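Notes for the one structure printed next.
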Amino acid sequence: MSNLETELVLMSSNKLYIKLATKDDSKDILLWRNDPTTLLYTPSNKKITRAEHDSWFSKKLKCQDSDILIIFKESSKVGMIRFDYFKDYSEISINLNPEFRGNNLSSLSIEKGIDFIKSLGIPAKPIIAKIKSNNIASIKSFEKSGFNRIELREALAEIIENPQSGWLYYVFDYLS
């Protein structure tokens, strides 16, 4: 582990550790993204190619308006959390390594991810989770982590970029 990674492994609990993603995490994130269960809950429900992923991942790593965090349990990668930062809110996304699903790690990972971005000094804004309405596991994980469902009213739709029907929106008060 480099000095930078050592400094960024700031949050740990119940043997979960979080660090900022690096190019070395790309292959794992693509594998998790193209997992059949994950595909059920993506906007397109389709696999993406290595080239599509590499282009997206390279841009995200360089982007100042996004952070990708890798979650570890001991030395194993549990999953990833991504935060995209917009003018009036942040958006959170989580995807667990299929080997770690069903182990009650999602809500703890979400909470530690939020603690991590707070430790980086990310400006306080509401955090929005956009979840497909049939993704019961994610709904339960976000609710357990303190997120509350919100209705996508016209006023809210104006601040959320590209709101989609068929999705539920949950908000977390960053300052709580």
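The values are calculated or read from the model by the stated rules, or taken from the named source; none is laboratory data. What you see is a predicted model, and the numbers here were worked out from it, not measured in a lab. A quick note on method: Cβ atoms are made from the backbone with ideal geometry, for glycine too, and the neighbour counts reach across all protein chains shown.
For residues that are surrounded by 18 or more Cβ atoms within 10 Å (Cβ to Cβ) and under 21 Å from T22 (Cβ atoms), tally how many sit in region 78-92.
Residues meeting the conditions: 6.
Exactly one condition in (1) assigned to a helix (DSSP H, G or I); (2) at pLDDT 75 or above is false for Y170; which is it?
Of (1) assigned to a helix (DSSP H, G or I); (2) at pLDDT 75 or above, only one is false for Y170: (1).
Being of a type outside the set (G, A, S), touching a Phe, Trp or Tyr at 6+ places or on another chain (Cβ under 8 Å) and either without any contact (Cβ under 8 Å) to a residue 24 or more places away in the chain or part of a helix (DSSP H, G or I) (or both) narrows it down to one of I128, I110, I71, so name that one.
Result of the check over I128, I110, I71: I110.
Output the qualifying pairs, or none if there are none: Cβ atoms under 8 angstrom, residues six or more apart or on different chains, first residue in region 38-62 and more than 17 Å from P98 (Cα to Cα) and free of Cβ contacts under 8 Å to residues at least 40 places away in the same chain, second residue among the β-branched types (V, I, T) and in a loop (DSSP other than H, G, I, E, B).
Qualifying pairs under 8 Å: W56/I48.
Every residue in region 74-107 that is closer than 16 Å to F172 by Cα, part of a strand (DSSP E or B) and either among the acidic types (D, E) or more than 15 Å from the chain's Cα centre (by Cα) (or both), please.
D84, E91
Looking only at region 12-48, count how many residues are assigned to a helix (DSSP H, G or I), more than 17 Å from L105 (Cβ to Cβ), touching a helix residue (DSSP H, G or I) at 6+ places or on another chain (Cβ under 7 Å) and among the aliphatic types (A, V, I, L, M).
Result for region 12-48: 1.
Can you name every residue in region 101-137 that is surrounded by fewer than 21 Cβ atoms within 10 Å (Cβ to Cβ), in contact with a helix residue (DSSP H, G or I) (Cβ under 9 Å, 6 or more places away or on another chain) and under 17 Å from R33 (Cβ atoms)?
Scanning region 101-137 gives R101, K132, N135, A137.
Looking at region 7-34, I want the residues that are at pLDDT 85 or above and have a partner that is acidic (D, E) with Cβ atoms under 7 Å, at least 6 apart or on another chain. Which pairs are those?
From residues that are at pLDDT 85 or above, the pairs are K19/E5; L20/D67; S26/D54.
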